[in-house]
Structure formats: structure tokens, C-alpha cells
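Below: the structure, in C-alpha cells.
The values are calculated or read from the model by the stated rules, or taken from the named source; none is laboratory data. Computed from a predicted model, the values in this text were never measured in an experiment. FYI the Cβ positions are ideal-geometry reconstructions off the backbone, even for glycines, and counts take in every protein chain you see. With ligands, DNA and RNA removed, areas are computed over all heavy atoms of the protein, side chains included. Shrake-Rupley method; radii C 1.70, N 1.55, O 1.52, S 1.80 Å.
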Amino acid sequence: MEIIENIASMHALSERKRMEGKLIGFVPTMGFLHEGHLSLIREAKKLSDMVIVSIFVNPTQFKPNEDYDKYPRDLEGDTKKVNSAGGDIIFAPSARDMYPDGYLTYVNVEGITETLCGISRPGHFRGVTTVVTKLFNIVKPHKAFFGQKDYQQSVIIKKMVRDLNMDIDIILLPTVREHDGLAMSSRNSFLSTEERKVAPVLYRALIMASEMVKNGEKNTRKIYSEMKRMIENESLVVIDYIAITDPENLRDISVIEGKTLIALAVRIGDTRLIDNILTEPQGS
Ligand code: AMP
């Protein structure tokens, strides 16, 4: 397995593979890989001839007071994991090469970026769509694989790909969880033992909400307050948002009629965690 740091080399390799008729699968990540990332790599392997995994902690998607500097990094460990999951190439550019002095160009999807995580992280998705566009241009994949864990991100990327006529299939795969339901995340490594103990309340609240929907509860205010009560019962957890929305346009809904996204973000100590579930009334 090869690690490529240089953008021109990555360009050239992808171009060569395309000329050979190879189908390129791409898994963009920020590294510190876990089973969630590896599930994307394994699926990419099944659906493409070669799998490129990018590892890049993207500075433009972090606000100044966020955790860019302390975001966990472990290229050596990641290399072994990518290899064991069947990845062929790691693309790990430097921030300096991705955003050289004088860099001025950004990609912005409107509307759906300003809700949910966009409220407490203004500019975050502009950083995401910019880096994903750059990575798509460098890696030139046929298919790119994303996790449902970052559901809003996947909706935004699909919209960007459609709006900008990018010739790339976006494939969304399920969230991989720890045995107690906590969604795997590189940020889980920040949690203290006490914080880790309370973290599964996110998924418990989502499951409870989904059961309410399946059992016919249509009033989102009731679901919201049950979730809020369950989460606030855990003293270390502070709610950023709980949202019950249309999974396509991410607009809040007040009466549940069909497919519904329930998404939340919380802070546990200094760590921000997100999770979501897709649900719908039984028999709809
Ligand atoms: P990140 O390294 O956090 O930027 O994530 C890279 C990709 O892995 C994104 O498409 C995420 O949605 C996906 N991902 C992160 N955590 C999980 C998980 N627990 N299960 C499935 N996919 C995940």
C-alpha cells in the first residue's frame, strides 16, 4: 500500500488508473480511523477496482476556537488499518499544499448548510464542501463513500454533486456503533471514563424517539420533550440541538407523516458529539 502526500503525484496516479479503465472508489476521512471508516473502505473495495482513502484534517472546516489543533492524528496506525480493510492508496496532503498562501476559492451550498450543525458551526460546511471538491478534483473518483453518522454532510455533498454536475456516485453507508450504541467517532477518544459512560444516552434518546414515531406519535413537540428529558437526566450532557426534520431538505417538521430524520448534537465536557436516526411511522 502506498502513501501519497504530493498533489501532483496523486493527480497523475489517478489519471493513469482511469486510462487503464480502473474504477476508483474514494473514502475521504480526517484520520484516526475506527470501524466506521473501515466499513466504508470495505464497501468501497467491493464496488470498485481500487480504493483511495484520504487522511486530511481540514483546517477550513474548524472555527478558530474548535479542536483543529488537538484533533487526534495517527498516520502510522491508520496505515495499518487501511491496509487491513483493503485500501490501496492513502492520500495525505499537507494543509500548506491544500491551502497555499493566497488561497481564495470556496464552494458554498446554500440553505441546508445553515441549519442543524450549521447553527453552532457557521462556515463549517463551506469548509467541508470546499475540501471535498478539491479532493474530488485531485483523486478523480468514480464513487465516493460517506457515513450516515454525518447525515447532514451527506445531504449537502449530494446536493453539491448534483448542482455542480460532478460525475461521481455518492454512496451513503450505515453508522457503525460501539456495543452500547454510541456512534463510533474519532472524537470519542477525548471522552473521560465518566463522560464515556453517559455518552450512549444519545443513541438511547434516538431509539426512544424512533419507537414513538413507529408507534404512531405524530407530534414532534412531544418527541422533542421526551428526548430532552432523557438527555438532561445525564448531568454531564449539554444539548446543542435536537431536530426532527424532513430527511431530504432538512426542514423542521411539526407533524410526522412519512420518512423523518431525528438528529442531535450535544456537548459532553469539551467534546461535541452528533448522531441521528432515520425513521417513519409503521405501515407508512
Ligand atoms: P471523519 O473522519 O469523521 O471526517 O469521517 C470520515 C467519513 O467516515 C465520513 O463520511 C463519516 O460520515 C464516516 N464515519 C464517521 N464515523 C462513522 C461511523 N461511526 N459509522 C459510519 N461512518 C462513519
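Here are the numbers:
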{"read-out": "Projected area averaged over orientations for the range 148-215, convex hull of C-alpha atoms, nm²", "value": "6.3 nm²"}
{"read-out": "Surface share of carbon and sulfur [accessible, 1.4 angstrom probe, percent] for the range 1-117", "value": "50 percent"}
{"read-out": "At most 16 other Cβ within 10 Å, DSSP loop - GluC sites (Glu not before Pro), the range 16-87", "value": "GLU20, GLU66"}
{"read-out": "Solvent-accessible area of MET1 with every protein chain in place, 1.4 Å probe, in Å² to the nearest 10", "value": "90 Å²"}
{"read-out": "Partners for LYS259 among aspartates and glutamates (Cα-Cα distance below 19 Å; same-chain residues under 8 apart left out)", "value": "ASP150, GLU211, GLU217, ASP246, GLU248, ASP275, GLU280"}
{"read-out": "Per-selection Kirkwood Rh - the chain (Cα, Å, 1 d.p.)", "value": "19.8 Å"}
{"read-out": "Largest-first principal axis extents of the Cα set of the range 107-234 (Å)", "value": "46, 36, 26"}
{"read-out": "Integer Hz, Karplus 6.51/-1.76/1.60 couplings in order for the range 68-79, x for Gly and Pro", "value": "4, 5, 9, 4, x, 9, 7, 4, 5, x, 4, 4"}
{"read-out": "Degrees between helix 201-214 axis and first principal axis of the chain (Cα, 0 to 90, nearest 10)", "value": "70 degrees"}
{"read-out": "Beta bridges by DSSP in the chain, antiparallel share as percent, to the nearest 5", "value": "50 percent"}
{"read-out": "Debye log10 I(q)/I(0) at q = 0.12, 0.19, 0.23 Å⁻¹ for the range 60-167, Cα point scatterers", "value": "-0.49, -1.26, -1.53"}
{"read-out": "The range 185-264 - percent of accessible surface contributed by carbon and sulfur, probe 1.4 Å", "value": "47 percent"}
{"read-out": "Expected 222 nm ellipticity per residue - DSSP helices of 4 or more, -39500 (n - 2.57), all of the chain, to 500", "value": "-11500 deg cm²/dmol"}
{"read-out": "Rounded accessible area of GLU217 (nearest 10 Å², 1.4 Å probe)", "value": "50 Å²"}
{"read-out": "Trypsin sites (Lys or Arg not before Pro) within the range 60-152: DSSP coil, no more than 11 neighbouring Cβ in 10 Å", "value": "LYS70"}
{"read-out": "With all protein chains modelled, accessible area of HIS34 [1.4 Å, Å²]", "value": "40 Å²"}
{"read-out": "Exposed chymotrypsin sites (Phe, Trp or Tyr not before Pro) absent - longest run of the chain, DSSP non-H/G/I/E/B, at most 16 other C-beta within 10 Å", "value": "107-284"}
{"read-out": "Helix axis angle, 35-47 relative to the chain longest principal axis, alpha carbon, degrees", "value": "60 degrees"}
